[in-house]
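Structure record follows, encoded as structure tokens.
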Amino acid sequence: MDDMPVTIARWSGPRGEVVLRRHGVADDAIEELIVNGAFAMDSAETASEEALADLTWPGARVLVGGLGLGFTAATLLDARVGTVDVVEIEEALVAWAYEGVTLRLGRVARDPRVRLWVADVRAVLTGHEPEPAGPWDAILLDVDNGPDFLIHAENAALYREEALSAAYARLAPGGLLAIWCQGANAGLRSRLQALTSTAREEVHKVQRGRHLISYVIYTARAPH
Ligand SMILES: C[S@@+](CC[C@H](N)C(=O)[O-])C[C@H]1O[C@@H](n2cnc3c(N)ncnc32)[C@H](O)[C@@H]1O
């Protein structure tokens, strides 16, 4: 495999650089997303991004915070959800999706069930952005590597009480809030537990090369 990364797209904006790179060729190719100097994700191992989407059900109206490489959104489409509002802070990434810079991003952008919004998902959830407005059957947040490893320092507020309770209030009856994290976070867990007794911590073990990593998805369910 050719290990020299090739830059597919690069954009420099007010929050730093967004870079999409590819390693290798053909079926072995691995796409990698760097946002503001932080490794956001790559396509080598995406089970936990897809596990987020697997928490939904056919026909569901879903909000996804963070387009990334489109794995969560594409898995939702495969799972026959009804609509997907994807809120992505980097306009370049949304533009690249419409251009189809990767097959998966192009597929997500073209699907008539998907609406792509350029916005801060926290502003959407707290009502500082009027659209999209919800309610949603599921709100899936994967905008950082978790509260311990932020892509943007401002995202710290997304994991505090105000934004968490605003997100929870945007759920339709029986709806699910889910938050992807690179590891367990006791503070986030206790804030969700203060919000609802339905708060749960699910560990997803994945093998990345020689490392076994325990990703965590926090969930909270709205009453029926
Ligand atoms: C780890 S990636 C998401 C991966 C995605 N789940 C997937 O399957 O490809 C994080 C994404 O969230 C975006 N992001 C970061 N902060 C955000 C915010 N406050 N609002 C919306 N999007 C944000 C980043 O630009 C990046 O595209």
In terms of modelled amide H atoms, which long-range or inter-chain residues lie less than 5 Å from the amide H of residue 85? 62, 63, 64, 115
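Percent relative contact order of region 45-221, based on C-alpha pairs within less than 8 angstrom and at least six residues apart?
Answer for region 45-221 is 20 percent.
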Mean 1/r over distinct Cα pairs of the chain, inverted to a Kirkwood Rh in Å, yields 17.6
Please report, in whole Å³, the volume per residue of the convex hull around the C-alpha atoms of region 170-224. 75
From phi via Karplus (6.51, -1.76, 1.60), per-residue ³J(HN,Hα) for region 209-224 in Hz, x at Gly/Pro: x, 8, 9, 9, 10, 9, 7, 10, 10, 8, 10, 8, 10, 7, x, 6
Kindly provide the chymotrypsin sites (Phe, Trp or Tyr not before Pro) of region 98-153 that DSSP labels as loop, not H, G, I, E or B, and whose Cβ sees at most 16 other Cβ atoms within 10 Å. 149
From the phi angles alone, apply the Karplus equation (6.51, -1.76, 1.60; θ = phi - 60°) to region 68-85 and give each ³J(HN,Hα) in whole Hz, x where the residue is Gly or Pro. x, 8, x, 5, 4, 5, 5, 5, 4, 5, 5, 7, 6, 5, x, 9, 9, 9
Can you tell me the length gained on complete extension of the stretch residue 95 to residue 198, counting 0.36 nm per residue apart and subtracting the Cα distance? 33.3 nm
List, in order, the whole-Hz ³J(HN,Hα) value for each residue of region 180-191 obtained from phi through the Karplus relation with A = 6.51, B = -1.76, C = 1.60 and θ = phi - 60°; use x for Gly and Pro. 7, 9, 6, x, 5, 9, 4, x, 5, 4, 6, 5
Given +1 on the Cβ of Lys and Arg, -1 on the Cβ of Asp and Glu, and no further charges, what dipole in debye does region 69-153 carry about its Cα centre, rounded to the nearest 20? 400
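Counting Lys and Arg as +1 and Asp and Glu as -1, each charge on the Cβ, what is the dipole of the chain about the Cα centre in debye, to the nearest 20?
The dipole magnitude comes to about 540 debye.
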Taking a ≥ b ≥ c as the square roots of the eigenvalues of the Cα gyration tensor, with a/c under 1.5 meaning rounded and otherwise prolate when a/b exceeds b/c and oblate if not, region 57-139 is oblate
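Every read-out reported here was derived from the displayed coordinates using simple, explicitly stated rules and does not represent laboratory data. No experiment lies behind these values; they were computed from the predicted model shown. FYI the Cβ positions are ideal-geometry reconstructions off the backbone, even for glycines, and counts take in every protein chain you see.
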